[in-house]
Structures are given as C-alpha cells and as structure tokens.
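Q: So that we are looking at the same thing, I have put the structure below in structure tokens.
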Amino acid sequence: MSDCIFCKIVDGSIPSYKILENENCYAFLDIFPANRGHTLVIPKKHVKDVHEADAATYAHVASTAKEVADLLAAKLGSDGTTIFQMSREAGWQTVFHLHMHVIPRWDNDGLHKPWDIAPASEESLIDVAQQITK
Ligand code: 5GP
Ligand code: ZN
C-alpha cells in the first residue's frame, strides 16, 4: 500500500533497524520503545488488522513473534515478555498495517498494565459467555 509507513519499511524506502526477516514477515525495532529491544513484527504483505488478516498470515506473524521473543530473551537476558497486538482505533492501533509488539520485560521495569484489575460479577460473566460461546 503506497501510503503505508510499514510497507515502506518492508520495501526499504523508510530505514529501519532490522532484527530478523523470513519469507512472510519482517521484524524491526520500534523507534518509540516501551523498553530496550521493543520489536515490531509485521507481515510483508499489507494487511490492516486481525480482522482483515487471513488465518495463515496471522499465524506467520504470531510464530515470528515467538521467534523474536525467544531471541530477545536469549540475547538481552530479560526476565519476561509482553506481546501486544492492537487492532483498529478502538483497540489502540495507530499504524494500520498489522503488527505485533514484542516487548522484553525485566522485574520491576516500571511498565504498567493498561487496564485496572477488578472482578466481574457472576451475572455479567454468564451473560457474555452466553453471547459469545461457539
Ligand atoms: P500501534 O500503536 O499501532 O499498536 O503501534 C505502532 C507502533 O509503531 C508504535 O509503537 C510506534 O512507536 C511505531 N512506529 C511509528 N512510526 C514508526 C516508524 O517510522 N518506524 C518505526 N520503527 N516504528 C514506528
Ligand atoms: Zn502496509
């Protein structure tokens, strides 16, 4: 897609710090990192988000994210990993080319969960489970 910054990163017209590449995916450093080594994994073909991706493309991104997570843990000696995938504006996506954030984590690194933890009522769990169970 001609006006997509991540497509331009794949074709090399915008520079990036490549971490690894395979047939279907490209992984590179996020230039506004949450932590040292924060890496983005994208499909080489333009797909907007989880809902528009075919299952195979999403699987390629997920398996490459796992490879990157293991690589970062091995090379950086991190204590854990957080993987995020935002889809659409309501899901906090800001660049509309599918990507997974792979964020190395250290004990007490100061990052916060983006939601408050509070228990749901039994009634609300039953209600939503009835609505979404296949
Ligand atoms: P989103 O908010 O859509 O989940 O994530 C987009 C990510 O892309 C952000 O974390 C942002 O820092 C990163 N980003 C935006 N523009 C560029 C860029 O030009 N190069 C790189 N490497 N990362 C970018
Ligand atoms: Zn794109």
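Bear in mind these aren't lab numbers, they're just calculated from the coordinates by the rules spelled out. Fair warning: this is a prediction, and the values are worked out from it, not measured in the lab. No Cβ is skipped: glycine too gets one built from the backbone with ideal geometry, and neighbour counts run over all protein chains shown.
Q: What angle, in degrees between 0 and 90 and rounded to the nearest 10, separates the Cα long axis of helix 122-132 from the longest principal axis of the Cα atoms of the chain?
A: Roughly 50 degrees, rounded to the nearest 10.
Q: Another one. So what is the 222 nm mean residue ellipticity for the chain from helices alone, if each DSSP H run of at least 4 adds -39500 (n - 2.57) and you divide by all residues, rounding to the nearest 500 deg cm²/dmol?
A: That calculation yields -9500 deg cm²/dmol at 222 nm.
Q: Give the long-range amide H neighbours of R105: residues separated by 5 or more places, or on another chain, with amide H under 5 Å away, using H modelled in the peptide plane at 1.01 Å from N.
A: D79, G80, T81, T82
Q: Of the chain, which part is the longest with no chymotrypsin sites (Phe, Trp or Tyr not before Pro) in a loop (DSSP not H, G, I, E, B) and with at most 14 other C-beta atoms within 10 angstrom?
A: For chymotrypsin sites (Phe, Trp or Tyr not before Pro) (loop position, at most 14 other Cβ atoms within 10 Å), the longest site-free span of the chain is 18-91.
Q: To continue, here is another question. For the chain, what is the per residue volume of the convex hull drawn over the alpha-carbon atoms, in cubic angstrom? Present the calculation step by step, with values, prior to reporting the outcome.
A: Working: hull volume 19.0 nm³, N = 134.
Once divided by residue count, the hull of the chain is 142 Å³.
Q: Separate question: Any chance you could give the angle, 0 to 90 degrees and rounded to 10, that helix 55-76 forms with the longest Cα principal axis of the chain?
A: Roughly 80 degrees between the two axes.
Q: Still on this structure, please answer the following. Tell me, which cysteines of the chain are without a disulfide-compatible partner by the Cβ under 4.7 Å rule?
A: Those would be C25, since no other cysteine Cβ in the chain comes under 4.7 Å of theirs.
Q: How many angstrom lie between the Cα centre of region 64-79 and the Cα centre of region 111-127?
A: One Cα centre to the other: 29 Å.
Q: Separate question: Pull up the cross-link candidates among the aspartates and glutamates for K75, meaning alpha carbon to alpha carbon under 16 Å and not fewer than 8 places away within one chain.
A: Counting by Cα, and skipping residues close in sequence, K75 has these aspartates and glutamates nearby: E67.
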